[in-house]
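Readers should treat all values here as calculations from the given coordinates under stated rules, not as data from a laboratory. What you see is a predicted model; the values in this text were computed from it and never measured. Virtual Cβ from ideal backbone geometry, glycine too; neighbours counted across all protein chains shown.
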Amino acid sequence: MSRLTTAGTAATLLAVATVAAACGGSSSAGTTNSLQPKLERAVAATEATPAAEALLSETVTSGSTTRMALSAKAGYSGSGKQYVNNVALIATAPLKQSVQLAVVGSTLYVTVPPSLKAFVPSGIHYVSVSYSKMLAALEQSGNAGEIATGVASQPTALLLILKLGQLSAVTQARGAPSGTEAYSVSLSLPTGKAGAGLAALGIPPVKTAKVSVWVGSNGLVSRISMNAALPAAAGSPGESLTATALYSGFGNYTQWAAIPAVQVLPESPSMLASVLGGALG
């Protein structure tokens with residue numbers, strides 16, 4: 001895992017603003033039929049809900065080989081500005097561990113997994129770091145498992161992908177429960193300077209993806225499923241990411257309990273890298 005970057009918050013905000021400007025703040029510029037505006041309204045309404053529960057699952061594959069599987073149960077409020085995740089990671093070692101992540105304001109807290117307890121001072125249960133720096137570092141590492149972890153650390157990542165991406169070929173799909181509208185979508189994300197701030201939002205560096213979306217009778221998104229190719233490192237086989245998010249319990253959220261400062265190792269990028277690296281195997 002790469003060491004975390006030291007880019008300032010102002011630079012991150014500028015990059016995110018650049019992305020929003022490049023995308024026009026939404027994907028409406030690519031409207032091709034009457035279905036797309038309906039889908040965009042549902043995505044915007046879901047992202048703006050005060051609180052919700054999310055179940056996420058992700059798999060990274062290389063050919064027919066599963067490289068990593070991940071599941072997360074999350075609660076979030078304020079459009080994802082404060083939330084708690086319980087993330088279970090299965091790496092190729094194979095290694096299976098659970099890590100709890102919580103974002104409070106702009107700070108990410110990560111529990112120290114049992115396998116690393118011996119490497120932190122006695123009484124330390126959490127490592128804290130700038131959330132945007134952590135996401136940017138995971139994206140820059142180019143490691144597929146780390147990219148997947150970045151997505152799972154943000155319960156609204158797949159909603160943001162739909163909001164900031166360019167949608168095309170929006171069609172009605174089948175297989176959704178009764179009373180649910182199903183959509184099939186092709187999606188592309190900005191690259192280069194326009195896409196520089198996506199990592200700070202938990203969005204992986206994919207150029208194109210196939211996405212299916214379910215919208216319930218309440219006008220809110222209940223399911224997103226995405227399949228996308230990940231950037232291949234030099235000399236490495238291509239990898240793909242399959243991610244699914246289920247949203248429910250709108251209006252409900254369990255607040256993160258205050259953490260005593262004596263239990264936190266603050267702003268230690270190298271330690272956070274070790275924590276997440278140890279969880280990934």
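For this structure, a couple of remarks:
- Straightening the chain between Ser184 and Lys210 buys 8.6 nm, computed as 0.36 nm per residue apart minus the Cα-Cα spacing.
- Taking 26 Å as the limit for the C-alpha separation, the pairs Lys163/Lys207; Lys73/Lys133; Lys133/Lys210 exceed it in the case of Lys133/Lys210.
- Rounded FRET efficiency, nearest 0.05, which uses the C-beta distance separating Ser225 from Ile124 and R0 of 41 Å: 0.60
- Added length on full extension, which subtracts the Cα-Cα distance from 0.36 nm per residue, Ala88 to Thr191: 34.1 nm
- Table column - 3J(HN,Hα) (Hz), the range 120-128, Karplus curve with 6.51, -1.76, 1.60, x for Gly and Pro: 10, x, 4, x, 8, 10, 9, 10, 10
- Segment Thr66-Ala44, length gained on full extension (0.36 nm per residue, minus Cα span): 4.6 nm
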